[in-house]
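Engineer: Pasting a structure here, questions to come.
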Amino acid sequence: MVSEARRTALVLHLAANPNPISIKVPEETVADLAPRLIQVVRNGHTQAIPTGDGKEFVVNFSHVVAAHFE
């Protein structure tokens with residue numbers, strides 16, 4: 001099992017795409033988002049996700065059927 005400190009990618013499975021999208025994120029994003037990821041997906045929030053290269057990736061979670069950290 002991968003420890004939470006080593007998880008550095010947010011993996012999104014979208015309803016209209018059979019291929020998952022993997023976004024490299026800093027450990028701070030994992031620490032912030034992991035405890036509330038289930039709620040964000042359930043509620044379909046739109047949220048800016050900081051990426052590993054210092055940019056932002058906006059995700060409309062209403063189109064996400066599954067999300068996890070890897």
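The values are calculated or read from the model by the stated rules, or taken from the named source; none is laboratory data. Not measured: the values here are computed from a predicted model. Please note that ligands, DNA and RNA were not included when accessible areas were found on the heavy atoms of the full protein model with its side chains. Shrake-Rupley method; radii C 1.70, N 1.55, O 1.52, S 1.80 Å.
Engineer: Taking only protein heavy atoms into account and a 1.4 Å probe, give the accessible area per residue of the chain in Å².
Structural biologist: Heavy-atom accessible area per residue stands at 66 Å².
Engineer: Leaving ligands, DNA and RNA out of it, report the carbon-plus-sulfur percent of the accessible area of the stretch 2-70 at a 1.4 Å probe.
Structural biologist: Roughly 53 percent, rounded to a whole number.
Engineer: Out of (i) 29, 28, 22; (ii) 62, 27, 22; (iii) 59, 29, 11, which label holds the value of Cα extents along the principal axes in Å that was computed here?
Structural biologist: (i)
Engineer: Defining a contact as two alpha carbons under 8 Å apart and six or more residues distant in sequence, what relative contact order in percent does the chain show?
Structural biologist: Rounded, it is 39 percent for the chain.
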